[in-house]
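Scroll down for the structure; my scribbles are underneath it.
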Amino acid sequence: MTLILPSETASSSTGPAEVRLEVRRLCKIFADDPRPALSLLEAGAGKAEVLRRLNVNVGVVDASFDIRAGEIFVIMGLSGSGKSTMVRLLNRLIEPSRGEIRLDGRDLTRLPKRELVEVLRRDMSMVFQSFALLPNRTALENAAFGLEVAGVGKAARRAAALRALEQVGLGAYAGRYPRELSGGMQQRVGLARALAKNPTIMLMDEAFSALDPLIRAEMQNELLRLQREQARTIVFISHDAEEAMRIADRIAVMEDGRIVQIGTPAEILREPADEYVRAFFRGVDSSRVLRARDLARCDAATVLLDEADDRRPALRRLSELGAGYGYVRDRAGRFRGVLSRDGADLLDGVEPAAGDAPVHALLRRVATAPCPLPVVDGQGVFLGVVSRAALLETLDRGSLGDG
Amino acid sequence: MDEDLAAAIGGGIGVWSERLVNAILDHGQPALDVVAALVDGFGGAIDGALLGAPPWALGGAITAAALWRVGKGFALFTALAFAAIFAMDLWEPTVSTLGLVLASTALSLAAGVPLGIWMARSRIADGLGKTLLDLMQTMPAFVYLIPAVMFFGLGRVPGIIATVIFAMPPAVRLTALGIRQVPPELVEAGRAFGCRDHQLLFKVQLPNALPSIMAGVNQTMMMALSMIVVASMIGAGGLGNVVLQGIQRLDIGLGVESGLAVVLLAVVIDRITQSFGTGRGGKAR
Ligand SMILES: Nc1ncnc2c1ncn2[C@@H]1O[C@H](COP(=O)(O)OP(=O)(O)O)[C@@H](O)[C@H]1O
Ligand SMILES: [Mg+2]
C-alpha cells in the first residue's frame with residue numbers, strides 16, 4: 001500500500017512558453033537629463049518626491065518582466081501610473097531613459113531608427129483608446145495603412161485590409177469614412193488596421209475604454225475569439241479590473257511608475273501583493289474569475305490512494321490518518337473515485353468537476369457533495385479537491401466587506 | 001552725446017541697408033536676372049492663358065466652380081458679376097489682376113508651405129520664421145517697393161514679388177498651425193505603423209492640416225487682392241491701374257466701376273477658396 005501525500009498545490013502550471021519580449025530595468029524620466037531623477041529614485045525616492053524636488057515627471061521606474069509568445073499580457077493601474085508610457089516604450093514612440101527591451105533576443109533600445117521602422121512594420125501593431133483613425137480615409141484605406149506604409153502594392157494591401165475588416169465583421173463598411181461609423185465600429189476598424197499586416201505583437205492602449213459597457217464586452221469577446229483563431233502576443237493596457245480578469249493570461253499591476261505585482265488573474269486575486277492591489281480588485285467577483293483548478297488543493301489532509309492496491313490496508317491508513325475520505329487514482333493519475341473510511345466500496349454520485357469550470361458553477365455541488373469535491377483536467381487527471389472551507393474563504397476574500 | 005550715438009545707429013541702419021541694396025545690385029545682377037525671367041515667365045504664362053481664353057469660357061469655368069463648390073445661388077451671383085465686369089468694359093484689367101493674384105498666390109504657397117512645414121517641425125526654424133513673418137507683415141508695403149523697383153525695374157515682376165512678400169505670411173502661419181494641430185494620436189498611429197518622416201508628413205500631417213492650409217490660401221489671395229493698387233504703382237497693370245487713373249483724373253465713374261470690379265472679384269475668389277477649407281456647400285468637415 002502506497003500513500004502519497006504531496007504538499008504541493010496543483011495549480012494552473014502550463015509549460016513555459018517561449019519569451020517574445022524581455023523588459024529589463026526599463027525607466028522613463030520626462031526630462032532632458034534623466035540622471036538626477038534616476039539617482040534620486042535609486043536612493044529610494046518615490047515619484048511624488050522626484051516631482052517635488054526636481055520638478056520632473058517620472059513615467060516608468062525599473063520595470064522588468066517577460067512577455068511570452070501567444071499570451072495576453074495586461075498592464076493595469078490607476079490613471080497616471082505609467083501604463084501608456086510603458087506600452088509606448090515597447091515600440092519606442094517614447095524613447096527610454098534607461099534599460100533594455102529585447103524582442104526575440106534583439107535589444108530594440110539600441111536599434112537605429114531605420115531598423116526600428118522595419119521591426120514596427122513587420123512585427124508590431126497598435127490600437128489606441130481614441131481609435132486614431134485617419135479621418136480623410138475610408139475604413140478600407142485606414143485598415144490598409146500599415147501595409148501601404150510598408151510599401152505593399154495596392155491590390156495586395158486592399159485584399160489584406162478587406163480580409164481584416166471581414167475578420168472584425170465590418171466587410172460591408174469598407175467604403176465608409178470614420179465619421180460615418182459608431183464608436184464600436186471605429187474601434188473595429190482600428191483593430192482591422194492592426195490585424196491587416198498580420199503582426200506577431202499587438203499593443204493595445206485602453207483599446208476598449210472609450211466604449212459603452214455592452215460594446216466593450218462585445219469587443220473583449222471579439223479579441224478572445226481572434227486570439228483563439230491565431231494566438232498573437234498581446235500587451236493590453238487597462239484600468240478596468242473586470243476587463244483585465246476577463247481577458248488576461250497574466251497581469252502586471254503598476255503603481256506610480258513601478259510594477260508592484262505580476263501574476264495570473266487567479267494568483268493576483270488569491271494573493272494580492274499589497275493593499276493597493278487588493279483595493280484594485282476588491283469589486284471583482286472572484287467566483288467568476290477563478291476556475292475550479294485555481295481552488296483545487298492537494299495538501300496533507302488529502303489522502304491519495306492507488307487503484308491497484310488492496311482496499312483493506314487503504315481503509316486502515318485512512319483511519320490512522322484520521323481522514324474521512326481517500327481519492328483513488330489509476331497509474332496515469334486519472335481520478336477513479338472516492339473511498340470513504342466507513343465503507344468498503346467507492347462512494348456513489350461523486351462526479352469530479354472540470355478544472356476549467358468557473359467557481360460560481362461549483363457552489364451547489366461543493367455544498368451537497370459528501371466529501372471535498374475532486375477536480376480533474378481535460379484528460380481526467382486528478383488535480384486536487386475543493387473543500388467547503390476553501391470555497392467560502394475564497395468567496396469571502398473577493399467580496400466587498402473584506403479588509 | 002546720447003543723441004549722437006542714436007543718430008549714428010539710426011543713420012547706420014539706413015546706410016547699411018543702402019550698402020546692402022547696392023551690393024546686391026553690383027554683384028547679384030545675374031541672379032536677379034534669373035529670378036526676373038522666371039517670375040516674368042510664370043506670370044506671363046498665367047496671364048496669357050487667362051486672357052487667351054474667350055470671356056464666356058473663362059467666366060463659365062469660374063461659374064461652374066462656384067456651382068460645384070458653393071451652390072446654385074452663388075453660381076448665379078458669379079455669372080452676373082462677370083457679366084457686369086464685361087459690360088463695364090473692365091474684362092481685360094480684371095483678368096490681368098486675377099492673373100497677378102493667382103501667380104502671387106502660387107509663388108507664396110511654393111515658398112510659404114515648405115517654410116510652414118519647417119517651422120512646425122523645428123523650434124529654431126519656428127523662432128526665425130516668426131521674426132521674419134512679423135517683419136514682412138508690419139513693414140509698410142511701400143518700403144519694399146523701392147528695392148523691388150531697383151532690383152527688377154518697373155512692370156509685372158516687381159509687382160508680383162512685392163505682392164508675394166505682402167501676401168505670403170498667412171500661408172506660412174496657417175500651414176505651421178495646421179500641422180501642429182494634427183491630433184497627437186494620429187501622429188502616434190503613423191509612427192507606430194512604421195512611417196518614415198516623409199510618409200508621416202504626406203500621409204498623416206498634411207492631409208489633416210489641409211483645412212487650415214486652405215484657410216491660409218484664402219487669406220493669401222485676399223491679401224494679394226488688397227495689394228493690386230499698390231502693385232500697379234510700379235507698373236503691374238490690371239484693375240489697380242484703372243483705379244489709379246480714376247484717382248488721377250478725379251473720374252468718379254471710373255473709380256466706382258473699377259472699385260466695384262475689385263470687390264466682385266474678391267467676393268468670388270473668397271467664397272470659392274473658402275469652400276476648400278470647410279468642405280462643399282459650407283458644411284464643416
Ligand atoms: N510627454 C510627457 N511629458 C511629461 N510627463 C508625462 C508625459 N507623458 C506622461 N507623463 C507623465 O507620466 C506619468 C504616467 O502617465 P501615463 O503613462 O499617461 O499614465 P497612464 O496611462 O497610466 O494613465 C503621469 O504622471 C504623466 O503626467
Ligand atoms: Mg493612459
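The values are calculated or read from the model by the stated rules, or taken from the named source; none is laboratory data. Every value quoted in this text rests on a predicted model; they were computed, and no experiment measured them. We place every Cβ from the backbone using ideal geometry, glycine too, and count neighbours over all the protein chains shown. Note: areas computed on protein heavy atoms with side chains; ligands, DNA, RNA excluded. Shrake-Rupley method; radii C 1.70, N 1.55, O 1.52, S 1.80 Å.
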> What is the residue count in region A:68-92 for residues that are more than 9 Å from ligand 1 (Cβ to nearest atom) and surrounded by fewer than 24 Cβ atoms within 10 Å (Cβ to Cβ)?
Replying inline: 8
> When you go through (1) over 22 Å from A:Ala150 (Cβ atoms); (2) of a type in the set (D, E, K, R); (3) within 16 Å of ligand 2 (Cβ to nearest atom) one by one for A:Arg179, which number turns out not to apply?
Replying inline: (3)
> Could you count how many residues in region A:170-181 are touching a residue at least 24 places away in the same chain (Cβ under 8 Å), open to solvent by 30 Å² or more (accessible area, probe 1.4 Å) and out of contact with any helix residue (DSSP H, G or I) (no Cβ under 6 Å at 6 or more places or on another chain)?
Replying inline: 3
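Only one residue in A:Leu162, A:Leu191, A:Leu116 is away from ligand 2 (no atom under 16 Å from the Cβ), within 25 Å of B:Phe202 (Cα to Cα), touching a Gly at 6+ places or on another chain (Cβ under 8 Å) and among the hydrophobic types (A, V, I, L, M, F, W, C). Which one?
Criteria check complete, one pass: A:Leu162.
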> Which of the residues spanning region B:193-237 are outside any helix (DSSP H, G or I) and either aliphatic (A, V, I, L, M) or within 11 Å of chain A (Cβ to nearest Cβ) (or both)?
Replying inline: B:Phe193, B:Gly194, B:Cys195, B:Arg196, B:Met227, B:Ile234, B:Ala236
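Could you identify the single residue in B:Ala65, B:Ala57 that is in a helix (DSSP H, G or I), in contact (Cβ under 8 Å) with a residue 40 or more places away in the chain and within 25 Å of B:Phe276 (Cβ to Cβ)? Outline the logic, then answer.
Values: B:Ala57 fails: in contact (Cβ under 8 Å) with a residue 40 or more places away in the chain.
Criteria check complete, one pass: B:Ala65.
Need a quick list: helices (runs of 4 or more DSSP H) entirely within region A:250-332 having at least 2 residues that are of a type in the set (Lys, Arg). Break it down into steps so the answer makes sense when it comes.
Details: elements: A:265-270, A:275-280, A:286-289, A:292-295, A:311-321.
The qualifying helices (runs of 4 or more DSSP H) are A:311-321.
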> Mind checking which residues of region A:108-147 are more than 8 Å from chain B (Cβ to nearest Cβ), within 22 Å of A:Arg68 (Cα to Cα) and not in a helix (DSSP H, G or I)?
Replying inline: A:Leu111, A:Val127
> So, of the residues in region A:74-107 that are under 9 Å from A:Lys28 (Cα atoms) and within 14 Å of another protein chain (Cβ to nearest Cβ), which turns out to be farthest from ligand 2 (Cβ to nearest atom)?
Replying inline: A:Glu95
>> Which of the numbered conditions does A:Glu95 fail, given that it passes all the others? Conditions: (1) within 15 Å of ligand 1 (Cβ to nearest atom); (2) of a type in the set (Asp, Glu); (3) within 18 Å of the chain's Cα centre (by Cα).
In response: (3)
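Yes or no: region A:33-47 includes at least one residue that is out of contact with any strand residue (DSSP E or B) (no Cβ under 8 Å at 6 or more places or on another chain), without any contact (Cβ under 8 Å) to a residue 60 or more places away in the chain, within 12 Å of ligand 1 (Cβ to nearest atom) and away from chain B (no Cβ under 14 Å).
If we filter region A:33-47 for residues that are out of contact with any strand residue (DSSP E or B) (no Cβ under 8 Å at 6 or more places or on another chain), which is where we start, we get A:33, A:35-36, A:39-40, A:42-46.
Of the ones still in play, those that are also without any contact (Cβ under 8 Å) to a residue 60 or more places away in the chain are A:33, A:35-36, A:39-40, A:42-45.
If we keep only those that are within 12 Å of ligand 1 (Cβ to nearest atom) as well, we get none.
Scanning region A:33-47, I find no residue that is out of contact with any strand residue (DSSP E or B) (no Cβ under 8 Å at 6 or more places or on another chain), without any contact (Cβ under 8 Å) to a residue 60 or more places away in the chain, within 12 Å of ligand 1 (Cβ to nearest atom) and away from chain B (no Cβ under 14 Å), so the answer is no.
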> Quick one: how many residues across region A:50-74 are under 17 Å from A:Arg102 (Cα atoms) and either assigned to a helix (DSSP H, G or I) or without any contact (Cβ under 8 Å) to a residue 24 or more places away in the chain (or both)?
Replying inline: 0
> Among the residues of region A:266-312, which ones are surrounded by fewer than 18 Cβ atoms within 10 Å (Cβ to Cβ) and of a type in the set (Asp, Glu)?
Replying inline: A:Glu267, A:Glu271, A:Asp274, A:Glu275, A:Asp285, A:Asp299, A:Asp306, A:Glu307, A:Asp309, A:Asp310
